[in-house]
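The values are calculated or read from the model by the stated rules, or taken from the named source; none is laboratory data. Note that the structure is predicted; figures quoted are calculated from it, not measured. Heads up, the Cβs are rebuilt from the backbone with ideal geometry, glycines too, and the neighbour counts pull from every protein chain shown. With ligands, DNA and RNA removed, areas are computed over all heavy atoms of the protein, side chains included. Shrake-Rupley method; radii C 1.70, N 1.55, O 1.52, S 1.80 Å.
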Amino acid sequence: QLQLVESGGGSVQPGGSLTLSCSASKDIIKYMEMAWYRQVPGGQREWVASSGTAGSKKYAEFVQGRFTVSRDNNLKKVYLQMNELKPEDSAIYYCNQRPPLRQLWGQGTQVTVSS
């Protein structure tokens, strides 16, 4: 069964950068459109960015130009490079396929942007 584990979160000041990683237990992700999502306490999970199997990349408008999604199928990893972080980017970040599968939600990784 495929499992996804997110890492790389932390606390940064506004304007800072972080790179999140999503490690997959199986290389089947090379056939999947992989995505990053985020959720704030009390809020709904929202889509952030996705990486298609043919190299396409898509971004939510609120991260366009600041975040970059990438993947390394050989390493079974998906990344999210986050630059120019804002306090409103604070959330728990998750990876999953797009559209998401309930059984693939992991623990996520916390990102806190605060001065």
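Things to note:
- Cα-only radius of gyration and Dmax that characterise the chain, units Å: 13.1, 40
- Kirkwood radius, the stretch 52-115, all distinct C-alpha pairs, inverse of mean reciprocal distance: 13.3 Å.
- The stretch 76-115 and the stretch 1-73 have Cα centres separated by 5 Å.
- Taking the charge dipole of the chain about its Cα centre, with +1 at Lys and Arg Cβ atoms and -1 at Asp and Glu Cβ atoms, the residue from Ser51, Tyr31, Ser21 reaching farthest to the positive side is Tyr31.
- Solvent-accessible area per residue in the stretch 14-88 equals 53 Å², computed with a 1.4 angstrom probe and all protein chains kept.
- Percent carbon-and-sulfur accessible area, the chain, ignoring ligands, DNA and RNA, probe 1.4 Å: 46
- The chain - charge dipole about Cα centre, Lys and Arg +1 at Cβ, Asp and Glu -1, debye rounded to 20: 320
- Difference of contour (0.36 nm per residue) and Cα-Cα distance, Leu101 to Ser23: 26.5 nm
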